[in-house]
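Some notes on the structure that comes next.
The values are calculated or read from the model by the stated rules, or taken from the named source; none is laboratory data. Computed from a predicted model, the values in this text were never measured in an experiment. Neighbour counts are summed over all protein chains in view; Cβ atoms, including those assigned to glycine, are modelled from backbone coordinates with ideal geometry. Just the protein is used for accessible areas: all its heavy atoms, side chains included, with ligands, DNA and RNA removed. Shrake-Rupley method; radii C 1.70, N 1.55, O 1.52, S 1.80 Å.
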Amino acid sequence: MASAMRSVLSRGYATATSVKAPIQLNSLTGTYATSTYLAALKKSPKDLESLAKDIESFDKKIRDDAKVSAFIQNPTLSASERTKALSSIVPSGSSPILLNLLTVLSENGRLSSAPKVFQDFGSLISAYRGELEVTVTSAEPLDNKALNRIDKALKDTEIAKGKTLKVVNRVNPSVIGGLLVDFGDKSIDLSASSKVNRFNAALTQGV
């Protein structure tokens, strides 16, 4: 994982000792996200916020554009093909750090991990802003009314005190009925599939 961080940092934007991440992420995707965060913050807080907007926009592009999504997930492309394509699909006005990140992921054969790296980067930027990121996973997109109800329910909790809530809706068709809610170090499984699993476990124990 250290090599992943060096790959982004070595592109001339930051050193690991000059700035610190607000939270520690121990996964490989978290390491890529952390190195990207450090690279931008070393330049300036303004560059960090600009990068955050670019990453959010490109992450949405992956979700909304079938061709871009297929490219990101395609393991058969050569390194030169991926590099050429990245230069064309990343908007020209974007932070160069975004293209550097995607290039490093591509060179390391991990371009398909970009959405998870972006998600981890989102956790870092939320912590930097003093936000509490709440990830709500549902089988279909939730409307603003539903998201506002979740926001209101969580605002009065102990973990949300003194923080600004940032509710993010992610879609996963495998979540059968209900929701998965992740915030801080807590996870609440309100899906029908989890209830079925608990029911099956109870039956197994009773046999």
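Annotations for the structure displayed:
- Thr164 accessible area, assembled protein chains, probe 1.4 Å, Å²: 80 Å²
- Taking each of Lys166/Lys186; Lys161/Lys186; Lys145/Lys166; Lys20/Lys60; Lys116/Lys161 in turn, the alpha-carbon distance tops 18 angstrom for Lys20/Lys60; Lys116/Lys161.
- Here r is the Cβ-Cβ distance between Ile176 and Ser57 and R0 is 45 Å; the resulting FRET efficiency, rounded to 0.05, is 0.90.
- Amide H contacts of Glu133: Lys166, Gly184, each under 5 Å away and 5 or more positions distant or on a separate chain (H built 1.01 Å from N in the peptide plane; Pro and chain starts excluded).
- Counting charges near Ser69 (Lys, Arg +1; Asp, Glu -1) among other residues having Cβ under 13 Å from its Cβ returns a value of +1.
- Amide hydrogen neighbours beyond the local backbone of Arg170, cut-off 5 Å, H modeled: Val136, Thr137, Ser138
- In order through the range 52-61: 3J(HN,Hα) via Karplus (6.51 cos²θ - 1.76 cosθ + 1.60), integer Hz, x for Gly, Pro: 4, 5, 5, 5, 4, 5, 6, 4, 5, 4
- Remark: the range 79-89, residue by residue, has Karplus-estimated 3J(HN,Hα) of 4, 5, 5, 5, 4, 5, 5, 4, 4, 8, 8 Hz, where x stands for each Gly or Pro and the curve is 6.51 cos²θ - 1.76 cosθ + 1.60 at θ = phi - 60°.
- For the range 146-160, backbone phi angles converted through the Karplus equation (6.51, -1.76, 1.60; θ = phi - 60°) give residue-by-residue couplings of 5, 5, 5, 5, 5, 4, 5, 5, 8, 4, 8, 7, 4, 5, 8 Hz, Gly and Pro being listed as x.
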